[in-house]
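A.B. asks: Can you keep this structure in mind? I'll have questions shortly.
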Amino acid sequence: MHAWPASEVPALPGEGRDLRIHDTATGGLITLDPGPVARIYVCGITPYDATHLGHAATYNAFDLVQRVWLDTKRQVHYVQNVTDVDDPLLERAQRDGIDWVGLAEKETSLFREDMTALRMLPPQHYIGAVEAIPGIVPLVERLRDAGAAYELEGDVYFSVESDPHFGQVSHLDAAAMRLLSAERGGDPDRPGKKNPLDPMLWMAAREGEPSWDGASLGRGRPGWHIECVAIALDHLGMGFDVQGGGSDLAFPHHEMGASHAQVLTGEFPMAKAYVHAGMVALHGEKMSKSKGNLVFVSKLRYDGVDPAAIRLALLAHHYRADWEWTDQVLEDAVARLDTWRAAVSRPDGPSADALVEEIREALSNDLDAPTALAAVDRWAALQHAQGGTDEGAPGVVSRAVDALLGVAL
Ligand code: 5CA
Ligand code: ZN
């Protein structure tokens, strides 16, 4: 699949800083030390509805990861998937009496538009589940042949007990895992499973549903976790730097994915850091396509909201926090954008050298965007209060805000 166009990332004076980030698996902050090419996999959308602010907040977090790395003059190898066949997509298409392929294409196109408008850097590899199927089938066969997967009425399940490291991403107890598994696409109550938590790797063809040639597995379609594993291993290999997504993906998705990959390769861990963004809520509940309490990025754009203001609204919250979207959040961001734009519209101003370092310091410290925004606020306040004589300083601020925060002033 094609991704979306990249906005240019201006180079900044001085040196970037290494990223210290919270890793769910170890439960603490770790300093990543990627090679010259940093490797990141971020779970993509299931395209059955438009991009909402919760999605945008999560992608914003991983966009910042890349911007910190780019500032250290590293290259970034970024891979993202599109879950373009899965139960919720097929259910929505059926509910609305439309073709599932067309629905996925339409919503993926809108996602690309939203990501472009928000200046999110595109992945180098943007891969759909459907196009990954030829790579998924041999992985499932290998797991089965190694005794790590078993068949149940034609479907193939992964045996969580085959991975000695199972549980080391989320550290949940069995009861919590069982609950979340039922909520998030699993089927812990299906009779005949060896362990209720075992996730499906390959679902045998169902009447009226799309299916693909699965070689010795028979016709069917892939499970959710193996999709991301196949794509990540194909494009990044084991031991990549960051596996990213919202906190609702820590279990089961990232836990199961890590287990699949670890059993397949015999290596540990799949990712050096499992990074999870908090959940954005609306009216007190997590924004979710299944509940329908959504504010869409595209709706705001069509209403004339500047995408830079949407981005500032996201950046005003620490990526790990759970937070609530309100009209006030957007109003504050619009006001901040106006203040910043006015401050950089003059040819000279207070020196920007310290500010660039403050933004760098804040972001390298677990992507602390709110602290970075506060630093820019202080510079803008000084500019408005008394100005300054440093010629070109406003240009440096513009470039830093663009390069490190993805906001075009
Ligand atoms: N296709 C899978 C991942 S392989 C999936 O979870 N798709 S999704 O469309 O449901 O979510 C896409 C990303 O947005 C995930 O990282 C998810 O954790 C994140 N996300 C979903 N809802 C919210 C929310 N309310 N707040 C923050 N992030 C969210
Ligand atoms: Zn995923």
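The values are calculated or read from the model by the stated rules, or taken from the named source; none is laboratory data. Values in this document were obtained by computation on a predicted structure and should not be read as measured data. We place every Cβ from the backbone using ideal geometry, glycine too, and count neighbours over all the protein chains shown. Heads up: the accessible areas ignore ligands, DNA and RNA and are worked out on the full protein's heavy atoms, side chains in. Shrake-Rupley method; radii C 1.70, N 1.55, O 1.52, S 1.80 Å.
A.B. asks: If you take the beta carbon distance between Ala342 and Asp99 as r and set R0 to 45 Å, what does 1/(1 + (r/R0)^6) give as a FRET efficiency, to the nearest 0.05?
C.D. replies: It comes out at approximately 0.40.
A.B. asks: Ok, one more. Please give the Cα centre distance for region 205-238 versus region 1-36, rounded to the nearest Å.
C.D. replies: When both Cα centres are located, 30 Å separates them.
A.B. asks: How much of the accessible area of the chain, in percent, comes from carbon and sulfur atoms when a 1.4 Å probe is used?
C.D. replies: Here carbon and sulfur together make up 51 percent of the probe-accessible area.
A.B. asks: How would you order 201-209, 65-73, 7-15 from highest to lowest mean count of nearby Cβ atoms within 10 Å?
C.D. replies: In descending order of packing, they fall as 65-73, 201-209, 7-15.
A.B. asks: Heavy-atom accessible area of Trp379 with all protein chains present, probe 1.4 Å, nearest 10 Å²?
C.D. replies: We get 10 Å² for Trp379.
A.B. asks: First measure r as the distance between the Cβ atoms of Gln75 and Ala408, then evaluate 1/(1 + (r/R0)^6) with R0 = 25 Å and state the FRET efficiency to the nearest 0.05.
C.D. replies: The value I calculate is 0.65.
A.B. asks: Follow-up. Give me the number: length gained by fully extending Glu161 to Arg301, i.e. 0.36 nm times residue separation minus the C-alpha to C-alpha distance, one decimal in nm.
C.D. replies: Full-extension gain reported as 45.7 nm.
A.B. asks: Give me the Kirkwood hydrodynamic radius of the chain in Å, from all C-alpha pairs, to one decimal place?
C.D. replies: 22.2
A.B. asks: Can you tell me the order of 24-31, 142-149 when each peptide is scored by its average per-residue count of other Cβ atoms within 10 angstrom, highest first?
C.D. replies: Answer by packing, highest mean first, reads 142-149, 24-31.
A.B. asks: Might you tell me the accessible area per residue for region 20-294, computed with a 1.4 Å probe and given in Å²?
C.D. replies: Averaged over the residues of region 20-294, the accessible area is 38 Å².
A.B. asks: Which one, Gly349, Leu264, Phe296, is farthest towards the positive end of the dipole of region 228-355 when Lys and Arg carry +1 and Asp and Glu -1 on their Cβ?
C.D. replies: The residue sitting farthest along the positive end of the dipole is Phe296.
A.B. asks: Quick check for you: with a 1.4 Å probe and neighbouring chains kept, what is the accessible area per residue of region 298-405, in Å²?
C.D. replies: On a per-residue basis, region 298-405 sits at 42 Å².
A.B. asks: Count the lysine pairs in the chain whose Cα atoms lie under 27 Å apart, taking only pairs 8 or more positions apart in sequence or on different chains.
C.D. replies: Lysine pairs, 8 or more places apart or on different chains, close enough: 8.
A.B. asks: Working out 0.36 nm times the residue gap between Lys106 and Glu91, then minus their Cα-Cα distance, what length gain in nm do you get to one decimal?
C.D. replies: 3.8 nm
A.B. asks: In nanometres, what is the gap between the two model label sites at Glu183 and Asp332, each 7 Å from Cα along Cα-to-Cβ?
C.D. replies: Simple spin-label model gives 2.6 nm for this pair.
A.B. asks: Would you work out which of Met115, Gly284, Ala38 lies farthest towards the positive end of the dipole of the chain? Charges go on Cβ: Lys and Arg +1, Asp and Glu -1.
C.D. replies: Ala38
A.B. asks: Report the paramagnetic label zone for Arg20: residues of region 278-322 whose backbone N is under 19 Å from a point 7 Å from Cα along the Cα-to-Cβ axis.
C.D. replies: 318-321
A.B. asks: Highest GNM mean-square fluctuation, the chain, Cα pairs closer than 10 Å: which of Gly54, Gly220, Gly192?
C.D. replies: In the Gaussian network model the winner is Gly192.
A.B. asks: Let me ask you something else. So what is the 222 nm mean residue ellipticity for the chain from helices alone, if each DSSP H run of at least 4 adds -39500 (n - 2.57) and you divide by all residues, rounding to the nearest 500 deg cm²/dmol?
C.D. replies: Taking each H run of at least 4 residues, the total per residue is -13500 deg cm²/dmol.
A.B. asks: By how many degrees, 0 to 90 and rounded to 10, does the Cα axis of helix 255-265 deviate from the longest principal axis of the chain?
C.D. replies: 70
A.B. asks: Mind checking which of Ala335, Ala277, Ala372 has the largest fluctuation in a GNM of the chain, springs on alpha carbons under 10 Å?
C.D. replies: Ranking Ala335, Ala277, Ala372 by mean-square fluctuation puts Ala335 first.
A.B. asks: As I understand it, the value is the acute angle between the Cα axis of helix 53-71 and the longest principal axis of the Cα atoms of the chain; what does it come to in degrees, rounded to 10?
C.D. replies: Helix 53-71 sits roughly 70 degrees off the main axis of the chain.
A.B. asks: Given Cα positions, please report Rg to Rh for region 108-245, the hydrodynamic radius being the Kirkwood one.
C.D. replies: Value, to two decimals: 0.99.
A.B. asks: Related question: Which of the GluC sites (Glu not before Pro) across region 245-352 are loop residues per DSSP, with 12 or fewer other Cβ within 10 Å?
C.D. replies: Passing both the DSSP loop test and the Cβ count: Glu267.
A.B. asks: Given 10 °C and 1.306 mPa s, compute D for region 333-409 with the Stokes-Einstein relation, Rh being the Kirkwood radius over Cα pairs; round to the nearest whole µm²/s.
C.D. replies: In µm²/s, the coefficient is 131.
A.B. asks: Calculate the radius of gyration of the Cα atoms of region 1-43 to one decimal place, then report Dmax, the largest Cα-Cα distance, as a whole number, both in Å.
C.D. replies: In order Rg, Dmax, the Cα atoms of region 1-43 give 14.4, 37 Å.
A.B. asks: While we're on this one: Could you sort the peptides 211-218, 167-174 by per-residue average Cβ neighbour count (10 Å cutoff), highest mean leading?
C.D. replies: 167-174, 211-218
A.B. asks: Please report how far the C-alpha centroid of region 294-345 lies from that of region 51-68, rounded to the nearest whole angstrom.
C.D. replies: Measuring centre to centre over Cα atoms gives 13 Å.
A.B. asks: Still on this structure, please answer the following. Taking region 1-133 on its own, what percent of its Cα-Cα pair distances exceed 18 Å?
C.D. replies: Percentage above 18 Å: 59.
A.B. asks: A further question on this structure: Report the antiparallel proportion of the DSSP beta bridges in the chain as a percent, rounded to a multiple of 5.
C.D. replies: In the chain, approximately 45 percent of DSSP beta bridges are antiparallel ones.
A.B. asks: If you don't mind, another one. For the chain, take the longest principal axis of its alpha carbons; what is the angle in degrees between that and the long axis of helix 100-117, to the nearest 10 within 0 to 90?
C.D. replies: The answer is roughly 20 degrees.
A.B. asks: Name the residues whose placed amide hydrogens come within less than 5 Å of the amide hydrogen of Val280, ignoring near sequence neighbours (fewer than 5 apart) on the same chain.
C.D. replies: Amide H neighbours of Val280: Met287, Trp323.
A.B. asks: If you don't mind, another one. Counting pairs of alpha carbon atoms under 8 Å apart in space and at least six apart in sequence, what relative contact order in percent does the chain give?
C.D. replies: Over the chain, the number comes to 21 percent.
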